[in-house]
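See structure below.
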Amino acid sequence: MVQELLVAVVTALCVGALYLAAGARVVKQYEQGVLFRLGRVTGDVRMPGFNLVIPFVDRLYKVNLQIVTLPIPAQEGITRDNVTVRVDAVVYFRVVDAVSALVKVEDYKFAVSQMAQTSLRSIIGKSDLDDLLSNREKLNQGLELMIDSPAVGWGVQVDRVDIKDVSLPDTMKRSMARQAEADRERRARIINADAELQASKKLAEAAQQMADTPSALQLRLLQTIVAVAAEKNSTLVLPFPVELLRFLERAGGQRNGEAPAEIGENTVRTGPPPG
C-alpha cells in the first residue's frame, strides 16, 4: 500500500515536472510575447521574464522590440531633370505594437523593405539631381514620412531613413567635372580682371601725381635703376623720357644762370644764350 502511494506520488511529480517543462517560456528583456490560445489572440502580452502557458493549447510568439537596421537595395531611376542615377539607403525601425506586427501583416520586415524600395524610387522620380546630391536631409525626411505612414498600421515605427550613396554614370561625372573646371576658370578670370582694374586705377592716380610733381618721376626712375642693377647685369638699357631731360636741363640752367636748353625730338643742346 505504501509502495503504491509512493509510486503514485512520484508519477504525479514526474507528470507535473513534464507539464511545467512543456509550459515554461522565457521572454528576453528586448522581447514581448503574444499569446495565441487555440489560434486566437488572448490580448495578454507577456512581459520579459519567466512565463507559463498551457501546453498543446497555447502558443507564445516572441517579437523583437530592438531597432532594426534594414538596408535598402540600390534603386535605379530617372530624376526629374532626366538623369539616370542609382540610389541606396538604410531604414531604422522598431516594433511598437507586437500584436499588430504579428496579426495585421504576414512579415513586417519584408513589408517595410518593399515599401522602402517603392518610396525610394518615387523620391528619385520627384527630385532633381542637385537635390539628391546636396539636399539629402529634406529627402530623408520625405522618405521617412512615406514609409512611416503605412507602417503605423502594422505596429511598426520608422525612426530614421538615410540616403547612403548616389551613383552617377561616368559620362555625367565627366560633364560635372568639366562644369566645375569651367566655373573655377570663370572665377579666376573675374578675379584677374578685377585686379587689373584696380591696378589701372592706381597707376592712373600715380601718373597724375607724377605729372603734378616732376621730381617724383625722377625718384621713380632712380628706384627702377636700383632694382635692375640689383640683378648684377653688365648692360642696362633704360628709356630716358624727354620730359625728364627738359626738367633736368631747366633746373641746371637756372642754377648756373644759363638759358633753358632747347630740346628737340632726338637732341638736347645746352649752353649760354645766343648772340
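The values are calculated or read from the model by the stated rules, or taken from the named source; none is laboratory data. Note that the structure is predicted; figures quoted are calculated from it, not measured. FYI the Cβ positions are ideal-geometry reconstructions off the backbone, even for glycines, and counts take in every protein chain you see. These accessible areas exclude ligands, DNA and RNA; they are computed on the full protein's heavy atoms, side chains included. Shrake-Rupley method; radii C 1.70, N 1.55, O 1.52, S 1.80 Å.
Inside segment 28-85, can you point out the residues that are among the polar types (S, T, N, Q) and open to solvent by 70 Å² or more (accessible area, probe 1.4 Å)?
Scanning segment 28-85 gives Q29, Q66, T69, N82.
Consider R80 against the criteria (1) under 30 Å from L132 (Cβ atoms); (2) touching a Lys or Arg at 6+ places or on another chain (Cβ under 6 Å): it satisfies all of them except one. Which criterion is unmet?
For R80, the failing item is (2).
Here is a check on your reading of the model: is V161 under 22 Å from the mean Cα position of the chain (by Cα), buried (at least 18 other Cβ atoms within 10 Å of the Cβ) and either touching a residue at least 24 places away in the same chain (Cβ under 8 Å) or assigned to a strand (DSSP E or B) (or both)?
yes
Tell me, which strands (runs of 3 or more DSSP E) wholly within segment 42-83 include 1 or more residues that are under 22 Å from the mean Cα position of the chain (by Cα)?
Answer list for segment 42-83: 68-78.
Could you list, in sequence order, the residues of segment 82-101 that are closer than 18 Å to L120 by Cβ and not polar (S, T, N, Q)?
Within segment 82-101, V83, V85, R86, V87, D88, A89, V90, V91, Y92, F93 qualify.
Sort out which residues of segment 164-218 are touching a residue at least 12 places away in the same chain (Cβ under 8 Å), closer than 24 Å to T84 by Cβ and either in a helix (DSSP H, G or I) or hydroxyl-bearing (S, T, Y) (or both), and write them in order of number.
S167, M172
Restricting to segment 51-74, name every residue that is closer than 30 Å to V161 by Cβ and out of contact with any Asp or Glu (no Cβ under 9 Å at 6 or more places or on another chain). Lay out the reasoning, then the answer.
Narrowing segment 51-74 to residues closer than 30 Å to V161 by Cβ: 61-74.
Result: Y61, V68, T69, L70.
For segment 134-158, name all the residues that are of a type in the set (G, A, S) and either closer than 14 Å to A101 by Cα or open to solvent by 70 Å² or more (accessible area, probe 1.4 Å) (or both).
Of everything in segment 134-158, those that are of a type in the set (G, A, S) and either closer than 14 Å to A101 by Cα or open to solvent by 70 Å² or more (accessible area, probe 1.4 Å) (or both) turn out to be S134, S149, A151, G153, G155.
Which of the numbered conditions does F110 fail, given that it passes all the others? Conditions: (1) surrounded by fewer than 16 Cβ atoms within 10 Å (Cβ to Cβ); (2) at pLDDT 90 or above; (3) under 17 Å from S149 (Cβ atoms).
(3)
Are there any pairs, at least 6 apart or on different chains, whose C-beta atoms fall under 9 Å, with the first in segment 78-101 and more than 18 Å from K164 (Cα to Cα) and the second hydroxyl-bearing (S, T, Y) and in a helix (DSSP H, G or I), and if so, which?
V95/Y108; S100/Y108; A101/Y108
Mind listing whichever residues of segment 113-133 are farther than 28 Å from M172 by Cα and surrounded by 14 or more Cβ atoms within 10 Å (Cβ to Cβ)?
S113, M115
Regarding segment 179-195, can at least one residue be identified that is over 30 Å from G77 (Cα atoms) and of a type in the set (V, I, T)?
yes
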